[in-house]
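Below is one structure, written out as structure tokens; the observations come after it.
The values are calculated or read from the model by the stated rules, or taken from the named source; none is laboratory data. Computed from a prediction, not measured in an experiment: that's the story for all the values here. Here the Cβ is made from the backbone with ideal geometry for all residues, glycine too, and neighbour counts use every protein chain on show.
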Amino acid sequence: MAIDAPTGDVGIRRAFTLIELVTVIVILGVLSATAIPVYLDYALDAKKSACRGALGGLRSAIASYYARTATPSGGGSARFPTLSELTTIGTVMGNEIPPNPFDSDATPNNVVDGTGVAKGTVIGTAKGWCYNPTNGQIWANSYTKSAGENSY
């Protein structure tokens with residue numbers, strides 16, 4: 001003898017309807033469309049801050065080297081470090097030169113000679129830092145239109 005379900009009983013629903021699924025997908029799309037640009041702005045701001053921080057450390061070390069060479073124990077003649085001295089660990093900086101955050105390969109100690117060029121000029125493959133040993137200026141040897149990091 002078969003037992004039938006009582007009449008009028010809808011039963012248990014075991015899946016979502018197509019309309020419910022589409023609604024959830026649309027809501028997720030709207031949320032991601034607003035969140036992704038905000039995230040990209042934060043990532044760019046972090047790179048800008050890291051670049052400015054690294055440049056601040058480099059410029060401070062170069063100025064300190066300049067001041068040390070002006071003392072009698074430093075030779076008595078103030079001068080900026082050469083490119084070789086700048087990239088030698090322990091001469092100007094205690095650690096290796098940090099990588100430029102806007103580089104794709106993030107190579108430390110990547111510094112090119114910027115003698116005779118204006119500050120902000122990008123030289124060669126646009127990686128690392130550019131240093132002018134005649135006046136002690138150092139800047140990012142890269143250019144991102146939205147960041148303009150070579151002008152810091």
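Please specify each residue of the range 69-107 satisfying the condition of being assigned to a loop (DSSP other than H, G, I, E, B), within 22 Å of N141 (Cβ to Cβ) and more than 21 Å from the chain's Cα centre (by Cα). Reasoning before the result, please.
In the first step, residues of the range 69-107 are kept if they are assigned to a loop (DSSP other than H, G, I, E, B); the result is 71, 75-82, 88-107.
From what is left, the residues that are within 22 Å of N141 (Cβ to Cβ) are 80-82, 88-89, 91-93, 95-107.
Passing the criteria: F80, P81, T82, T88, I89, T91, V92.
State whether one or more residues within the range 118-128 are under 24 Å from T69 (Cα atoms), without any contact (Cβ under 8 Å) to a residue 40 or more places away in the chain and aliphatic (A, V, I, L, M).
No: zero hits.
When you scan the range 38-48, do you find a residue that is under 20 Å from the mean Cα position of the chain (by Cα), among the small types (G, A, S), under 21 Å from S146 (Cβ atoms) and in a helix (DSSP H, G or I), even just one? Steps first, answer last, please.
Residues of the range 38-48 that are under 20 Å from the mean Cα position of the chain (by Cα), as a first pass: 38-48.
Filter once more, so that each one left must be among the small types (G, A, S): 43, 46.
If we keep only those that are under 21 Å from S146 (Cβ atoms) too, we end up with 43, 46.
Now restrict to residues that are in a helix (DSSP H, G or I): 43, 46.
Checking the range 38-48: at least one residue is under 20 Å from the mean Cα position of the chain (by Cα), among the small types (G, A, S), under 21 Å from S146 (Cβ atoms) and in a helix (DSSP H, G or I).
Please find, within the range 32-83, the residue that is surrounded by the most Cβ atoms within 10 Å (Cβ to Cβ) out of those that are under 25 Å from P99 (Cα atoms) and among the β-branched types (V, I, T).
Residue satisfying both the conditions and the ranking: I62.
I'd like the residue in the range 103-152 that is in contact with a helix residue (DSSP H, G or I) (Cβ under 8 Å, 6 or more places away or on another chain) and of a type in the set (G, A, S) and, out of all such residues, is surrounded by the fewest Cβ atoms within 10 Å (Cβ to Cβ).
Checking each candidate, the answer is S146.
For the range 57-77, give me each residue that is of a type in the set (V, I, T) and modelled with pLDDT under 90.
Within the range 57-77, the first condition is being of a type in the set (V, I, T), and the residues that meet it are 62, 69, 71.
T71, the sole residue that qualifies.
Is there any pair with a first residue in the range 45-57 that is on the phi < 0 side of the Ramachandran plot and of a type in the set (F, W, Y) and a second that is loosely packed, with under 11 Cβ neighbours inside 10 Å and assigned to a helix (DSSP H, G or I) whose Cβ atoms are under 8 Å apart and which are 6 or more apart or on different chains, and what are they?
Every condition considered, no pair remains.
Does any residue in the range 138-152 that is assigned to a helix (DSSP H, G or I) come within less than 9 Å, Cβ to Cβ, of a residue that is of a type in the set (A, V, I, L, M) and surrounded by 21 or more Cβ atoms within 10 Å (Cβ to Cβ) six or more places away or on a different chain, and which pairs are these?
Partner pairs satisfying both residue conditions: E149/A140; N150/A140; S151/A140.
Can you tell me which of (1) touching a helix residue (DSSP H, G or I) at 6+ places or on another chain (Cβ under 9 Å); (2) among the aromatic types (F, W, Y); (3) at pLDDT 90 or above is the one F16 doesn't meet?
With (1) touching a helix residue (DSSP H, G or I) at 6+ places or on another chain (Cβ under 9 Å); (2) among the aromatic types (F, W, Y); (3) at pLDDT 90 or above applied to F16, the lone miss is (3).
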